[in-house]
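The values are calculated or read from the model by the stated rules, or taken from the named source; none is laboratory data. All values reported here derive from a predicted model rather than from experimental measurement. Here Cβ is always computed from backbone atoms with ideal geometry, including for glycine, and neighbour counts include all displayed protein chains. Ligands, DNA and RNA are stripped out before the accessible areas are found, and what is left, the full protein with its side chains, is counted by its heavy atoms. Shrake-Rupley method; radii C 1.70, N 1.55, O 1.52, S 1.80 Å.
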Amino acid sequence: MSYLLKLLGLFVLMRLSSSQACPSDSDLNADVIIIGAGMAGISAAERLQEGGINNILILEGSEKIGGRVCSVEMGGVTISKGCAWIQGVDKTQPDLNPLWKIAHRYSDLRGLYLDYDSLTNYDSLGNQPDEAQFRNQEFYAALNVTDIIAKQLSESGGCANVNFRSGLSQGGWTPESDIDDWIEWFNSDYYAGEEPENLSLCLHENNPTYTAFVSGADRTGSDYFVTDPNGYESIIEGMANDAKLMSNQTRVVFNAEVTAVDTSRGDCVCVTANLNGVTNYCAKYAISTVSVGVLQQESIQFIPELLTPKKEVI
Ligand SMILES: Cc1cc2nc3c(=O)[nH]c(=O)nc-3n(C[C@H](O)[C@H](O)[C@H](O)COP(=O)(O)OP(=O)(O)OC[C@H]3O[C@@H](n4cnc5c(N)ncnc54)[C@H](O)[C@@H]3O)c2cc1C
């Protein structure tokens, strides 16, 4: 009996010691920890500072600010490896797009509006196909029909499970040649990263990136292609400098790959990062800005586990 009691006591002790308490407020590493120094992380820091919260610690897994907004030098030219366009810009009133305002707050970000009418098409042998073979107008007519169907479905709440292919078919479009495939790819897959079979008809037709920041009747925004020698990331660097990220109170720790987020201790969040070994940082709050892809890889352990609805979305 006494052996069993001792065993029970040991078990209770182990349970108590595995759930550590929060450090006192003065021992916290920051008020807020932000995971990731991409556009979302730096924007979050900027907004917190605007709200008077300055004691911020940003943990960034790589060695630079910017995340998926990054570029490389090739032959003396700056080439974007990730983000390259500001989409949905109204040429007459570009300031309607909030990204435009951010982009031009710190510099006159150089770029040009893409002119899709000036495209030249080549086949796989390098020859220019006869323009008469291009059924662009038929594709655009089908697009108009998908637009009408999408509106009807939205109004009746019947959007779920209707894909973009179904809308195109109802609009009379079925690709029959390599050139048809190319027209379809250029107008859909290229933007969406998916084939029409895997795209929602309603969401495809109501892409707010192109319509939300545009005035006028047709509400179709233009694409501004960034060619600035300082790269698209100069926007984020500008924001970071403006937010005085390198000040005493707010700082970025680079090469700090976060592996765990622990909210089980009580009134704090403790974040574990690999940085020349394992380091723990605790704060009152933490904001994660890592991509869905990183979350899908489960490279960050959440303690306790994320709730099922969040896991389902991821
Ligand atoms: C090839 C490509 C082209 C694109 N083109 C465009 C475009 O033309 N126009 C447009 O508007 N958008 C474009 N995008 C999308 C745009 O780049 C992203 O939406 C945007 O940059 C996302 O910013 P974010 O801060 O949310 O995420 P990210 O930029 O991914 O920032 C997350 C940060 O978290 C860090 N991180 C990840 N895991 C950890 C970890 N475990 N610990 C610590 N830090 C971690 C990453 O290093 C990164 O710095 C493109 C994206 C790609 C990949």
Requested in this report: Could you grab the pairs with beta carbons closer than 6 Å, sequence gap of 6+ or different chains, first residue in region 56-71 and within 20 Å of ALA260 (Cα to Cα) and of a type in the set (Asp, Glu), second one within 6 Å of the ligand (Cβ to nearest atom) and assigned to a loop (DSSP other than H, G, I, E, B)?
Outcome: GLU60/ALA37
Query raised in the report: Would you say GLY52 is assigned by TED's automatic domain parsing to the domain that holds GLY293 and either within 12 Å of the ligand (Cβ to nearest atom) or assigned to a loop (DSSP other than H, G, I, E, B) (or both)?
Result: yes
Query raised in the report: Within region 167-200, which residues are open to solvent by less than 50 Å² (accessible area, probe 1.4 Å), free of Cβ contacts under 8 Å to residues at least 12 places away in the same chain and more than 13 Å from PHE139 (Cα to Cα)?
Result: ASP189
Report summary line: Of the conditions (1) assigned to a loop (DSSP other than H, G, I, E, B); (2) of a type in the set (S, T, N, Q); (3) assigned by TED's automatic domain parsing to the domain that holds ASP147, the single one that THR209 does not satisfy is (1)
Requested in this report: Return yes or no: is SER43 assigned to a loop (DSSP other than H, G, I, E, B), assigned by TED's automatic domain parsing to the domain that holds ASN276, among the hydroxyl-bearing types (Ser, Thr, Tyr) and under 30 Å from GLU257 (Cβ atoms)?
Outcome: no
Requested in this report: Can you work out which of the residues in region 227-258 that are among the β-branched types (Val, Ile, Thr) and within 12 Å of the ligand (Cβ to nearest atom) is nearest to the chain's Cα centre (by Cα)?
Outcome: ILE236
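Residue-by-condition table, conditions (1) more than 12 Å from the ligand (Cβ to nearest atom); (2) outside the structural domain of GLY293 (by TED's automatic domain parsing):
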| residue | (1), (2) |
| --- | --- |
| SER62 | no, no |
| ILE79 | no, yes |
| ASP90 | yes, yes |
| LEU109 | yes, yes |
| TYR122 | yes, yes |
Requested in this report: Go through (1) part of a helix (DSSP H, G or I); (2) open to solvent by less than 50 Å² (accessible area, probe 1.4 Å) and name the single condition GLU155 misses.
Outcome: (2)
